[in-house]
């Protein structure tokens, strides 16, 4: 990496400590170090659980859940609370010690599986377990690529677990793969194979969450979502956790409080089960990185159910609440185990004392084009393709961000040929979902499948089109991939697409900084992965 340090929290490189990049990440060096240590001890625990499975012993689902929540806790901008992270380290070490005594043999276990220590030793230990400890650039790059993919997979699994859906095979793989990232006997080729296997389980994890969400709340349907405000006090809910939203809606019924979604929670409006709540008012604001000004004008409390938190201004910090794997020092946290009802009454009581949200925009946006809804429109879509009304689909999924370079995606959407349709999921859509791009024969030119968690729909839609058109190769479809990446769930989406055989994927605004030149070369040679150029250059490349 040529003396650059990589911050896995903000996905950027910088001179010096990448984790204290002002205005980008917001984490202190201490918090970042404890997250490194939490990952390390979680890998140690995973080596123990993997050995226990090899010995034919069963791992309790509470241990599986601990691993996934630990990974989620360290995902981009999820948890800034050093005390909460240290508590997770202690819990993980305690569980590992309990499991170690159940082993028939400890022979060959890695140091991480055997290490234990007092809190006073954590800082010293953390200094020796971070990203740059692995000296071989290619091994380090692949280990990080796999670890980030596993964090994304853990996020999918965690959301399914919240709806009481588990998959032991996925949990066993996550732990087996984590253990392999600290196995020095593995070669570059071994880790490349593990990278693609991570993509395979990424598809499985997406399927698990999709089944959990649709089983609980129905299949998303085309929905027009209000982006204005009402005159009642409100609670703004952000993140991804639909179970938290469901509980909040139930507890706010009849209180005079309206509930609004923010950023990645927008697609909740597409689910039939939530439409019965008359106080489910609409969506407020845009992508995660604009939250400082939008949380200020909202006036009421804000509930962060997952990432992505921007360090709050003091003016609204007392209105910012966290739950689940999210956390921020000085902000109040709502606890609750899977299957338990969380008590959101303190947030509701605070909301009653707040002014209604200030209107920052008005109108509606349309979404709900997940796989079943698109399948219902399949004949119409196929006819439009066969007639030439739709020439190409452009997958523009992924993440939004504050950097000026991401304006590329707005300009790209504006300049797309009028016979092109955008398929999207994730918060990248906020770069163009409020543009007036029109429709093609009644088919909107922006088809929003939902959260980054719903990227599975985009894969299913592609596979369905491949079947309908009788093609042998998914790459023969009139689909191009121009994906914006930022956090770890974008990594697992990429790996899942590679596992499904998708090639010619363009990633921007830059290729991931943690990819070594040799690993990048492997991706380019095998999958024709590429970056982006200028808007005009890429339009010429994609459309000729």
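With respect to residue 306, is the statement that it is touching a strand residue (DSSP E or B) at 6+ places or on another chain (Cβ under 7 Å), surrounded by 24 or more Cβ atoms within 10 Å (Cβ to Cβ), farther than 21 Å from residue 226 by Cα and not assigned by TED's automatic domain parsing to the domain that holds residue 163 true? Quick ask: steps written out before the conclusion?
Details: touching a strand residue (DSSP E or B) at 6+ places or on another chain (Cβ under 7 Å): no; surrounded by 24 or more Cβ atoms within 10 Å (Cβ to Cβ): yes; farther than 21 Å from residue 226 by Cα: yes; not assigned by TED's automatic domain parsing to the domain that holds residue 163: yes.
No; evaluated as a whole, the condition is false for this residue.
Of the residues 498, 515, 541, only one is in a helix (DSSP H, G or I) and in contact with a helix residue (DSSP H, G or I) (Cβ under 8 Å, 6 or more places away or on another chain); which?
Working: 515 fails: in a helix (DSSP H, G or I); 541 fails: in contact with a helix residue (DSSP H, G or I) (Cβ under 8 Å, 6 or more places away or on another chain).
Only one candidate passes the filter, namely 498.
Yes/no matrix, rows are residues, columns are (1) within 21 Å of the chain's Cα centre (by Cα); (2) over 17 Å from residue 42 (Cα atoms); (3) free of Cβ contacts under 8 Å to residues at least 24 places away in the same chain:
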| residue | (1), (2), (3) |
| --- | --- |
| 80 | yes, yes, no |
| 103 | no, yes, no |
| 109 | no, no, no |
| 116 | no, no, yes |
| 129 | no, no, no |
| 158 | yes, no, no |
| 161 | yes, yes, no |
| 166 | yes, yes, no |
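Could you please find all residues in the range 237-266 being within 20 Å of residue 357 (Cβ to Cβ) and in a helix (DSSP H, G or I)?
Those that are within 20 Å of residue 357 (Cβ to Cβ) and in a helix (DSSP H, G or I): 244, 245, 248, 249, 251, 252, 263, 264, 265, 266.
Could you identify the single residue in 423, 435 that is over 16 Å from the mean Cα position of the chain (by Cα), modelled with pLDDT of 95 or more, under 25 Å from residue 362 (Cβ atoms) and not assigned by TED's automatic domain parsing to the domain that holds residue 289?
None of the other options fit; the residue is 435.
Just need a number here: residues in the range 41-65 that are part of a helix (DSSP H, G or I) and touching a residue at least 12 places away in the same chain (Cβ under 8 Å). Reasoning before the result, please.
If we filter the range 41-65 for residues that are part of a helix (DSSP H, G or I), which is where we start, we get 41-54, 61-65.
From what's left, touching a residue at least 12 places away in the same chain (Cβ under 8 Å): 41-53, 61, 63-65.
Looking only at that region, the number is 17.
Is it the case, given these coordinates, that residue 326 is in contact with a strand residue (DSSP E or B) (Cβ under 7 Å, 6 or more places away or on another chain) and at pLDDT 95 or above?
Yes; evaluated as a whole, the condition is true for this residue.
Any idea which of (1) touching a residue at least 40 places away in the same chain (Cβ under 8 Å); (2) within 21 Å of residue 535 (Cβ to Cβ); (3) crowded, with 22+ Cβ neighbours inside 10 Å is the one residue 374 doesn't satisfy?
All conditions are met except number (2).
Per-residue answers, yes or no, for (1) touching a helix residue (DSSP H, G or I) at 6+ places or on another chain (Cβ under 7 Å); (2) surrounded by fewer than 18 Cβ atoms within 10 Å (Cβ to Cβ); (3) not in a helix (DSSP H, G or I):
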| position | (1), (2), (3) |
| --- | --- |
| 67 | yes, no, no |
| 75 | yes, no, yes |
| 89 | yes, no, no |
| 117 | yes, yes, yes |
| 128 | no, yes, yes |
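So which of 207, 212 is surrounded by fewer than 19 Cβ atoms within 10 Å (Cβ to Cβ) and under 27 Å from residue 497 (Cα atoms)?
207
So residue 356 passes all but one of these: (1) assigned to a loop (DSSP other than H, G, I, E, B); (2) surrounded by 13 or more Cβ atoms within 10 Å (Cβ to Cβ); (3) under 25 Å from the mean Cα position of the chain (by Cα). Which condition number does it fail?
Only one criterion in (1) assigned to a loop (DSSP other than H, G, I, E, B); (2) surrounded by 13 or more Cβ atoms within 10 Å (Cβ to Cβ); (3) under 25 Å from the mean Cα position of the chain (by Cα) is unmet by residue 356, namely (3).
So for the range 462-476 (the condition being in a strand (DSSP E or B), in contact with a strand residue (DSSP E or B) (Cβ under 8 Å, 6 or more places away or on another chain) and surrounded by fewer than 24 Cβ atoms within 10 Å (Cβ to Cβ)), does at least one residue qualify?
There is no residue in the range 462-476 that is in a strand (DSSP E or B), in contact with a strand residue (DSSP E or B) (Cβ under 8 Å, 6 or more places away or on another chain) and surrounded by fewer than 24 Cβ atoms within 10 Å (Cβ to Cβ).
Of everything in the range 407-430, what is buried (at least 16 other Cβ atoms within 10 Å of the Cβ), more than 11 Å from residue 483 (Cα to Cα) and touching a residue at least 60 places away in the same chain (Cβ under 8 Å)? Give them in sequence order.
408, 412, 416, 420, 427, 430
Can you confirm whether the range 324-336 contains a residue that is part of a helix (DSSP H, G or I) and either surrounded by fewer than 15 Cβ atoms within 10 Å (Cβ to Cβ) or in the same structural domain as residue 402 (by TED's automatic domain parsing) (or both)? Show your work before the answer.
Here is the first cut: in the range 324-336, the residues part of a helix (DSSP H, G or I) are none.
The answer is no, given that none of the residues of the range 324-336 is part of a helix (DSSP H, G or I) and either surrounded by fewer than 15 Cβ atoms within 10 Å (Cβ to Cβ) or in the same structural domain as residue 402 (by TED's automatic domain parsing) (or both).
The values are calculated or read from the model by the stated rules, or taken from the named source; none is laboratory data. Nothing here was measured: the structure is a model prediction, and the numbers come from that model. Positions of Cβ are backbone-derived with ideal geometry, glycine not excepted, and every protein chain shown enters the neighbour counts.
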